[in-house]
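Peer 1: Have a look at this one.
The values are calculated or read from the model by the stated rules, or taken from the named source; none is laboratory data. Note that the coordinates shown come from a computational prediction; the quantities given were computed from them, not determined experimentally. Here the Cβ positions follow ideal geometry from the backbone for every residue, glycine too, while neighbour counts run over all protein chains shown. Please note that ligands, DNA and RNA were not included when accessible areas were found on the heavy atoms of the full protein model with its side chains. Shrake-Rupley method; radii C 1.70, N 1.55, O 1.52, S 1.80 Å.
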Amino acid sequence: MNRARHLVFVLGDQLSLSLSSLEGADPKRDVILMCEVIEEATYVPHHKLKIALIFSAMRHFAEELTTKGFELRYTRLDDPDNSGSFTGELARAATALSPERIIVTEAAEWRVLQAMERWQSSFAVPIEIRGDTRFLCSKAEFGDWARGRRSLTMEYFYRDMRRKTGLLMRGKDPEGGKWNFDVENRKPAQPDLFRPKHPVFPPNAITLEVINLVERQFSGNMGSTKDFGFAVTRADADRAARAFIHDFLPNFGETQDAMLTEEPFLNHSLLSFYINIGLLDPLAVCRAAERAYLEGNAPLNAVEGFIRQIIGWREYIRGIYWMKMPGYENSNVFDVHRPLPDFFWSGSTDMNCVSTAIRQTINFAYAHHIHRLMVIGNFSMLVGLDPHAVHEWYLSVYADAFEWVELPNVIGMSQFADGGFMASKPYAASGAYINRMSDYCEGCRYDVAMKVGKDACPLNALYWDFLDRNAGTLSSNHRLAQIYTSWHRMGDDKKQSYRESASLFLQRLDAGERV
Ligand code: FAD
Ligand code: DLZ
Ligand code: SF4
């Protein structure tokens, strides 16, 4: 019998030629397994655009490997023999090919890595699990960094990553004499008819076939594939990265926290999808951004801000995920259990900020960081939505959502459900913040300047009510000392009117009334 020596199993978020499991793979000898499986497509009800992106990118990656001479064993979702799970497909392939060894790169998510470790004891063939070298900081390195520290401040981790990569460094010192230029960032934005448009990649025949499949099999899921415009090949993802660096990076920092009704993307990169599934190498994107600065095409505050998101936040978030799993997904320090309102699936709420952010999510399977953190996340935390339900919603609706990156961002950063392990204070805000950073309040049925009453911006009363309700957990937080002093100085009548206003809003929310 002609034995395939190695079977390399590549997952849907491992679409990189530099993948550790492909290292040393020999096209003349080895077989690559990829599979679309219902288990992965349904563990949460993913947005249609997310499933279409992943399946189409997988099929294109399989083609890329085929052109390199590899033999592919590729299972499509609607193949009659598809067993429906990673384990089932691996077992079928192992039976059919009798490989000497199975090689995988460790899964990015705890759930799937657990399955991989079970394969090691349940399969007769040796299974080699290799580390994921596409991250700058290995799990072990992050563990070493975290060990013995009282608090895990991202900024210090980030500086180590700057030193490690040499990005924006002058010898031992940071370029420009400072590590962080955020004071120059985070301004409101003005509408700009001349702002360039982000590139759109019309679907080719492969993507159209996938779109058909998704509309057939996942008709009830969020969104529509009608305007599918994601890059699904490495070459197009590269084009998207180059367009970002040329057209948007120079203004990235300044408008990073801004929100405008007519410009959902502003100067954000829209690269997370491609980085997370392996079409773009995060370090290469950072080096290209650094080059733009060195060649005088983008200012330091913008480039430093962008690089920090990737080598700082992205890596730090992954480190936290692996430190805290399993169990992190059930964190709930405020002990809150309110179910998600129906408008999380429709955007039908009178709160213009929340409605706009959710509608964008439905339309694009994307919303930028501030929509996720300070609009939807803030609302969820202030009203006390169940953090696990909030986590599952985020994991479903964004095309870049994989648990390793989504979970700490939701549970730790946005919901403070881990009690402050990750964030030093809750990202809570009243309407004033949204009004400063967006144009949403102008078109809202609520009045951001009113503090209480049925026409007042609900976030104003909810903000104080949240702090009051959770004083037991939060009042000793020194970063909230000033806020609690203001609360304590408030007259009892004022406090009571905030409580009543918030309570009325929550009653209407719970009754399913339009809010
Ligand atoms: P840009 O604003 O252009 O930023 C550049 C890159 O930096 C991103 O592409 C991303 O790779 C990285 N980055 C920036 N912030 C973060 C961060 N906090 N954590 C990790 N990487 C970061 N990001 C995901 O990739 N997947 C998620 O499921 C996800 N869920 C989130 C949920 C919440 C509640 C919050 C607050 C943030 C979440 N983020 C998530 C982080 C961030 O919002 C997205 O990475 C970003 O909006 C993606 O859009 P972009 O590529 O235009 O980012
Ligand atoms: C997200 C996703 C979906 C929807 N479908 C598949 C799939 O059918 N096949 C596959 O290999 N990967 C898929 N993925 C991505 C996986 O869920 C992801 O690789 C793991 O969660 C990583 O741990
Ligand atoms: Fe949002 Fe309040 Fe502004 Fe309306 S008034 S958009 S609810 S912040």
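Peer 1: Mind checking which residues of segment 136-189 are free of Cβ contacts under 8 Å to residues at least 24 places away in the same chain and assigned to a helix (DSSP H, G or I)?
Peer 2: ALA140, GLU141, ASP144, TYR156, ARG159, ASP160, ARG163, GLY177, VAL183
Peer 1: So is LEU266 on the phi > 0 side of the Ramachandran plot, in a loop (DSSP other than H, G, I, E, B) and within 20 Å of the chain's Cα centre (by Cα) or not? Break it down stepwise before answering.
Peer 2: Numbers: on the phi > 0 side of the Ramachandran plot: yes; in a loop (DSSP other than H, G, I, E, B): yes; within 20 Å of the chain's Cα centre (by Cα): yes.
Yes, satisfied.
Peer 1: Residue under question is LYS28, and the condition is that it be among the charged types (D, E, K, R), outside the structural domain of LEU280 (by TED's automatic domain parsing) and modelled with pLDDT under 95; does it hold?
Peer 2: Working: among the charged types (D, E, K, R): yes; outside the structural domain of LEU280 (by TED's automatic domain parsing): yes; modelled with pLDDT under 95: yes.
Judged against the criteria, LYS28 is a match.
Peer 1: For ILE206, all conditions in the list (1) out of contact with any Lys or Arg (no Cβ under 7 Å at 6 or more places or on another chain); (2) over 26 Å from ASN267 (Cβ atoms) hold save one; what is the number of the exception?
Peer 2: Of (1) out of contact with any Lys or Arg (no Cβ under 7 Å at 6 or more places or on another chain); (2) over 26 Å from ASN267 (Cβ atoms), only one is false for ILE206: (1).
Peer 1: Looking at segment 54-63, can you tell me whether even one residue there is aliphatic (A, V, I, L, M), outside any strand (DSSP E or B) and open to solvent by 20 Å² or more (accessible area, probe 1.4 Å)? Break it down into steps so the answer makes sense when it comes.
Peer 2: First, the residues of segment 54-63 that are aliphatic (A, V, I, L, M): 54, 57-58, 62.
When the remaining residues are screened for being outside any strand (DSSP E or B), the result is 54, 57-58, 62.
Pick out the ones that are also open to solvent by 20 Å² or more (accessible area, probe 1.4 Å) and you get 54.
Scanning segment 54-63, I find at least one residue that is aliphatic (A, V, I, L, M), outside any strand (DSSP E or B) and open to solvent by 20 Å² or more (accessible area, probe 1.4 Å), so the answer is yes.
Peer 1: Further question on the same structure: Hey, could you check segment 81-104 for residues that are without any contact (Cβ under 8 Å) to a residue 40 or more places away in the chain and not in a loop (DSSP other than H, G, I, E, B) and say which is most open to solvent (accessible area, probe 1.4 Å)? Steps first, please.
Peer 2: Filtering segment 81-104 for residues without any contact (Cβ under 8 Å) to a residue 40 or more places away in the chain gives 81, 87, 91-92, 95-96.
Restricting the remaining residues to those that are not in a loop (DSSP other than H, G, I, E, B) gives 87, 91-92, 95-96.
Values: THR87: 59, ALA91: 39, ARG92: 77, THR95: 112, ALA96: 65 Å².
Across segment 81-104, the extreme among qualifying residues is THR95.
Peer 1: Considering only residues that are part of a loop (DSSP other than H, G, I, E, B) and either among the basic types (Lys, Arg) or open to solvent by 30 Å² or more (accessible area, probe 1.4 Å) (or both), which ones fall in segment 433-447?
Peer 2: From segment 433-447, those part of a loop (DSSP other than H, G, I, E, B) are 439-440, 444-446; that's our starting set.
Matches in segment 433-447: ASP439, CYS444, ARG445.
Peer 1: When ALA189 is evaluated against the numbered criteria (1) open to solvent by 20 Å² or more (accessible area, probe 1.4 Å); (2) within 28 Å of GLY312 (Cβ to Cβ); (3) touching a helix residue (DSSP H, G or I) at 6+ places or on another chain (Cβ under 9 Å), which criterion, by number, is the only one it fails?
Peer 2: Every condition holds for ALA189 apart from (1).
So that you can scan it fast, the table gives a plain yes or no per residue for (1) touching a Gly at 6+ places or on another chain (Cβ under 9 Å); (2) touching a residue at least 24 places away in the same chain (Cβ under 8 Å); (3) open to solvent by less than 30 Å² (accessible area, probe 1.4 Å); (4) within 9 Å of ligand 3 (Cβ to nearest atom):
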{"site": "GLU403", "(1), (2), (3), (4)": "no, yes, yes, no"}
{"site": "GLY412", "(1), (2), (3), (4)": "yes, yes, yes, no"}
{"site": "ALA417", "(1), (2), (3), (4)": "no, yes, yes, no"}
{"site": "GLY431", "(1), (2), (3), (4)": "no, yes, yes, yes"}
{"site": "LEU459", "(1), (2), (3), (4)": "yes, yes, yes, yes"}
{"site": "LEU462", "(1), (2), (3), (4)": "no, yes, yes, no"}
{"site": "PHE466", "(1), (2), (3), (4)": "yes, yes, yes, no"}
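Peer 1: Determine which member of the set GLU215, GLU209, GLU254 is open to solvent by 20 Å² or more (accessible area, probe 1.4 Å), modelled with pLDDT under 95 and over 24 Å from THR165 (Cα atoms).
Peer 2: GLU254
The rows are residues; the columns are (1) within 16 Å of ligand 2 (Cβ to nearest atom); (2) open to solvent by less than 10 Å² (accessible area, probe 1.4 Å); (3) charged (D, E, K, R).
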| site | (1), (2), (3) |
| --- | --- |
| ASP350 | no, no, yes |
| VAL354 | no, yes, no |
| ARG359 | no, no, yes |
| ALA365 | yes, yes, no |
| ILE370 | no, yes, no |
